[in-house]
Amino acid sequence: MFYLLRTTQLPTYNENISDETAWRQCFHVLPYERKIEILFDFPYRGREEQWFPMWKQLMEWPDHDPDYQHAAAEWPQSRGIPELIHPGRSLEHKPSLFVSDIWAIPHILLQNTSNRAYEAKRGNKLLGFYFPYLSQAGIRTDYQQFTLATLDLEHTNNWVFGKCRPENGEGQQVKLRVLKKVGVLRTDGISELLTVPENSGSIVKKIHAFFV
């Protein structure tokens, strides 16, 4: 598995630990690009205390649409690997992933409109999202507010939706948000209402994010 994942480190081997414990140890030494793939491609949260999936969830990975190209997993080499910083002491001992300069739509209301589709609402603006995987189970949103985030507006990507945490703060130039991953949705395109310049009313903003 480590050969396929192209990791440069190995955790200490211990034949007495469970598959789940071994996977948690393995995950922390994965290359950054593999963690990005899991963040934007895997449709569910793992445990309450971890955003990445459990080993059991990986073994039961749902069937996906054969036309889906996993575009969201691409992390351009030109962006490099961001420095890992922490906005507050409360995150120091939690398995978080820092992603810099991503596009986000904050304060979105999500409503399930069919067995595979969601409607995202921000004021009078509506966007349609759907499940990237054919057998993906629905996630209750209960009219809560979420932040939707993606890597690149120029391509059709998955969007991670998460709840904001109280550790949110200010970065040097853009907002720094702490997001508890809830799930992953997909959209076919971005409305022109979203891609206008920020000072013209766009609801898409650049942020730095810690996913927890």
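The values are calculated or read from the model by the stated rules, or taken from the named source; none is laboratory data. Since we're looking at a predicted model, the values are computed, not measured. Cβ coordinates were reconstructed from backbone atoms using ideal geometry, including for glycine residues, and neighbour counts include every protein chain displayed. Side chains included, ligands, DNA and RNA excluded: accessible areas come from the protein's heavy atoms. Shrake-Rupley method; radii C 1.70, N 1.55, O 1.52, S 1.80 Å.
Results, tabulated for the structure shown:
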quantity: Residue in the stretch 67-75 that is crowded, with 18+ Cβ neighbours inside 10 Å and at pLDDT 90 or above present; calculated: no
quantity: Filter result for Gly162 (surrounded by 15 or more Cβ atoms within 10 Å (Cβ to Cβ) and either at pLDDT below 85 or in contact with a Gly (Cβ under 9 Å, 6 or more places away or on another chain) (or both)); calculated: yes
quantity: Residue within the stretch 121-139 that is modelled with pLDDT under 85, within 24 Å of Gln57 (Cα to Cα), open to solvent by 70 Å² or more (accessible area, probe 1.4 Å) and part of a loop (DSSP other than H, G, I, E, B) present; calculated: yes
quantity: Count of residues meeting criterion [among the aliphatic types (A, V, I, L, M) and in a helix (DSSP H, G or I)] in the stretch 17-64; calculated: 6
quantity: Failed item in (1) in contact with a Lys or Arg (Cβ under 7 Å, 6 or more places away or on another chain); (2) open to solvent by 30 Å² or more (accessible area, probe 1.4 Å), with Gln57 passing the rest; calculated: (1)
quantity: Test: Ala149 is small (Gly, Ala, Ser), under 16 Å from Leu39 (Cα atoms) and either open to solvent by less than 50 Å² (accessible area, probe 1.4 Å) or outside any strand (DSSP E or B) (or both); calculated: yes
quantity: Hits in the stretch 88-120 (condition: open to solvent by 60 Å² or more (accessible area, probe 1.4 Å) and modelled with pLDDT of 80 or more); calculated: Asp101, Trp103, His107, Leu109, Gln111, Asn112, Thr113, Arg116, Glu119
quantity: Complete set of residues in the stretch 113-161 that are charged (D, E, K, R) and in contact with a strand residue (DSSP E or B) (Cβ under 6 Å, 6 or more places away or on another chain); calculated: Arg116, Glu119, Lys121, Arg122
quantity: Subset tally (residues that are open to solvent by 30 Å² or more (accessible area, probe 1.4 Å) and either over 18 Å from Ala209 (Cβ atoms) or touching a residue at least 60 places away in the same chain (Cβ under 8 Å) (or both)) for the stretch 36-48; calculated: 4
